[in-house]
1. Can you pull out the residues in region 107-132 that are modelled with pLDDT under 90 and open to solvent by 70 Å² or more (accessible area, probe 1.4 Å)?
2. Out of the residues in region 133-159 that are on the phi > 0 side of the Ramachandran plot and buried (at least 17 other Cβ atoms within 10 Å of the Cβ), which is nearest to the chain's Cα centre (by Cα)?
3. Could you please find all residues in region 58-87 being under 9 Å from the mean Cα position of the chain (by Cα) and within 17 Å of I148 (Cα to Cα)?
4. Please count how many residues of region 99-141 are in a loop (DSSP other than H, G, I, E, B) and farther than 30 Å from P167 by Cα.
5. Pairs needed: first member in region 168-182, loosely packed, with under 13 Cβ neighbours inside 10 Å; second member anywhere, modelled with pLDDT of 90 or more; C-beta distance under 6 Å; at least 6 residues apart or different chains.
6. Any residue that is assigned to a strand (DSSP E or B) and surrounded by fewer than 22 Cβ atoms within 10 Å (Cβ to Cβ) - is there at least one of those in region 47-63?
7. Within region 64-80, which residues are buried (at least 20 other Cβ atoms within 10 Å of the Cβ), closer than 30 Å to A117 by Cβ and not polar (S, T, N, Q)?
8. State yes or no: is K112 of a type in the set (K, R) and under 13 Å from the mean Cα position of the chain (by Cα)?
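The values are calculated or read from the model by the stated rules, or taken from the named source; none is laboratory data. Keep in mind the model is a prediction, meaning the values are calculated, not measured. Neighbour counts are summed over all protein chains in view; Cβ atoms, including those assigned to glycine, are modelled from backbone coordinates with ideal geometry. Heavy atoms of the whole protein, side chains included, go into the accessibility calculation; ligands, DNA and RNA do not. Shrake-Rupley method; radii C 1.70, N 1.55, O 1.52, S 1.80 Å.
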Amino acid sequence: EEFVADANHEKDSGKAPKKVGEFCCKDGPGHNGQYIMFGKDRMLYVTVGDGNSDGRDTQTRTTLLGTVSRIDVDHADPGKNYAIPTDNPFFNDTDPKVRKEIWSYGWRQPYKLSTDAKTGEIWVGNVGGWNEDHVSLMKKGANYGWPITEATTCFDNSKTMFQYTAPKADCTRAGITAPSIP
């Protein structure tokens with residue numbers, strides 16, 4: 001929900017909050033992420049974990065699971081209480097199932113965002129599934145690999161959740177962005 005501050009920006013104005021949107025998980029009991037932060041670009045960034053699912057949806061871009069979304073809360077697209085910025089990486093994707101809100105994907109549990117005050121770059125803290133938590137400099141449209149990789153380790157995602165065998169000796173890392181700090 002969006003709340004409005006008073007004219008002095010010191011307290012709540014008392015105006016009714018506006019529901020911006022629903023960005024989380026209905027398919028699992030955990031890994032919901034849900035950290036929100038405004039970037040220096042004045043856009044709202046929202047993290048969502050893989051929902052404690054087997055993680056395969058994090059590679060499809062047809063769900064917000066395992067993503068960091070970027071939205072404009074100062075404007076609204078038809079049928080939404082927010083707008084999708086036209087410079088989002090998948091805004092012009094022709095597949096109608098692709099979620100245009102997605103800024104980056106392939107996360108397991110992106111639980112923290114932080115902005116570099118000088119550069120405006122955004123860093124993401126992500127919880128691994130086996131033994132590698134990591135921090136990554138978030139890049140527009142980047143795939144951070146879950147569940148193909150967990151940070152620098154290949155992950156055997158051929159089985160269902162909680163039956164993984166990690167680490168795996170090797171995997172295809174094409175198109176996957178390695179963590180900045182494993």
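1. Matches in region 107-132: W130, N131.
2. Going residue by residue through region 133-159, those that are on the phi > 0 side of the Ramachandran plot are 141, 145, 151.
Now drop any that are not buried (at least 17 other Cβ atoms within 10 Å of the Cβ), which leaves 145, 151.
Working: G145: 12, A151: 15 Å.
So the residue we want is G145.
3. Of region 58-87, the ones under 9 Å from the mean Cα position of the chain (by Cα) are 64-70.
Hits for region 58-87 are L65, G66, T67.
4. Going through region 99-141, the residues in a loop (DSSP other than H, G, I, E, B) turn out to be 99-101, 106-109, 116-121, 127-133, 138-141.
Restricting the remaining residues to those that are farther than 30 Å from P167 by Cα gives 99-101, 116-121.
Summing the residues that are in a loop (DSSP other than H, G, I, E, B) and farther than 30 Å from P167 by Cα in region 99-141 gives 9.
5. Note: pairs meeting the criteria are G175/N143; I181/V135.
6. Step one: list which residues in region 47-63 are assigned to a strand (DSSP E or B), which gives 47-48.
Right, trim to surrounded by fewer than 22 Cβ atoms within 10 Å (Cβ to Cβ) and you get none.
No, that holds for no residue.
7. Kept after step one, since they are buried (at least 20 other Cβ atoms within 10 Å of the Cβ), are these residues of region 64-80: 64-71.
From what's left, closer than 30 Å to A117 by Cβ: 64, 66-71.
Passing the criteria: L64, G66, V68, R70, I71.
8. Numbers: of a type in the set (K, R): yes; under 13 Å from the mean Cα position of the chain (by Cα): yes.
Answer is yes for this residue.
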